[in-house]
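Undergrad: Here it is, the structure, as structure tokens.
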Amino acid sequence: MISLLHFFNKVGELKEIPRKGWVLRGIKNPETIADHTFRATLMAWVLGKKKRLNMERLLKIGLIHDICEVYAGDTTPYDTILPKDKKKIAALMKTWPRFTDAEKRKIAAQKHKREKKGLEKLVADLPRELRAEIMNLWMDYENGLTPEGRFFKQADRLENFLQAIEYWKKYGKLAQKPWWIQARELIDDPVLLDFIKEIDTEFHKTKKPKN
Amino acid sequence: MPEKIFYITKEKFEEVKKEYKDLLVLEVKKAKGDIPKVFESEDINPEYVNFQEDLSFLRSRIAELESVIKNHEIIKKPENADVVGLGSKVTVDVDGEKDEFVIMGTLEANPSLGKISNESPVGRALVGHKVGEQIVVSSPIKTTYTIKRIKYFSA
């Protein structure tokens, strides 16, 4: 039982860690990793009802998908090209970074390695079966091994997208373009694409984004 | 509702068939309680997925592989290789910046590696277009993709 207590203690730290993408954009009191996990899992469940999915598996993937970040830290697509100057960071955040094939492979491999190591450390003292289950669920999320793993990966991006549009509405200055580029290149699930249309209609009734 | 067709490369399909065969063997051994202490072979689990401890995952994965084997279509080089299609590598200029996408079926799509799905809005918009053509996605913010080069690898 003590190993479970230590695990919950450590995972609880995610309630205090702000998501890095919002910190870089200067959002005040941004959502934490746990905040994001809560809504991404809820969205996956509710929107996933329209599909034939193993709900238990889907929800478990949602719950564990970012717990590695307690050791590995949060990652953004901008990390490898992040300037030191605040003005330059602000300018970079208005764009969607493009990389060569070799850079894409290197960035993805380093992120995967760091996060896997973080997760292994976090679950190291858990009972054997639970440890294996969590590692497998995470591998599924990372590599899209089942329909649930693939659907959650996209629901995760959709939650991030919705948060961006909400911050745009709240603070006005946030550039929407990088989020739309991501959504159009990264998401292919028809249920989630329909939901993106809803977001567009609802949030842009009176005001259209400029950039 | 018709079953979804998985558009898949020949190489990936060979991997799927092999993994399916190996996992069925593991499932039978597990049912008999006759499991070698360490079954995870590099062949099945290049990344160490521990099916031995997790029967529910083993069954989910077998069901997934069965579905792919039953409902797949191998991606072939089209007769008209001048247009973007499944299996093509497309070099684009996106609002002045260069990027490269390989157009894949949803199963093999991995946008962080530049493999985008033919069912994603950008994938769908690029398919059928030629070098020099511009695709403008404008709702709600305009992004222009200009096709610079199209290359097919699979025969």
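Undergrad: Out of everything in the range A:193-206 that is within 22 Å of B:ARG124 (Cα to Cα) and free of Cβ contacts under 8 Å to residues at least 24 places away in the same chain, what residue ends up being farthest from the chain's Cα centre (by Cα)?
TA: A:THR201
Undergrad: Select from the range B:93-151 the residues that are part of a loop (DSSP other than H, G, I, E, B) and among the aliphatic types (A, V, I, L, M) and write down the one among them that is nearest to the other protein chains (Cβ to nearest Cβ).
TA: Checking each candidate, the answer is B:ILE141.
Undergrad: Taking the range B:120-134 only, how many residues are free of Cβ contacts under 8 Å to residues at least 24 places away in the same chain and either buried (at least 18 other Cβ atoms within 10 Å of the Cβ) or in contact with a Leu (Cβ under 8 Å, 6 or more places away or on another chain) (or both)?
TA: Counting residues in the range B:120-134 that are free of Cβ contacts under 8 Å to residues at least 24 places away in the same chain and either buried (at least 18 other Cβ atoms within 10 Å of the Cβ) or in contact with a Leu (Cβ under 8 Å, 6 or more places away or on another chain) (or both) gives 4.
Undergrad: If I ask for residues that are closer than 30 Å to A:PRO83 by Cβ and of a type in the set (Ser, Thr, Tyr), which ones from the range A:1-42 would you list?
TA: Matches in the range A:1-42: A:THR32, A:THR37.
Undergrad: Sticking with this one: I'd like to check which helices (runs of 4 or more DSSP H) are fully inside the range A:29-77 and have at least 2 residues that are over 15 Å from the mean Cα position of the chain (by Cα) and under 19 Å from A:MET139 (Cβ atoms).
TA: Per the criteria, A:55-64.
Undergrad: Does the range A:202-211 hold any residues that are part of a helix (DSSP H, G or I) and more than 10 Å from chain B (Cβ to nearest Cβ), and which are they?
TA: A:GLU202
Every read-out reported here was derived from the displayed coordinates using simple, explicitly stated rules and does not represent laboratory data. A quick note: this is a predicted structure, and the numbers were derived from the prediction, not measured. Neighbour counts are summed over all protein chains in view; Cβ atoms, including those assigned to glycine, are modelled from backbone coordinates with ideal geometry.
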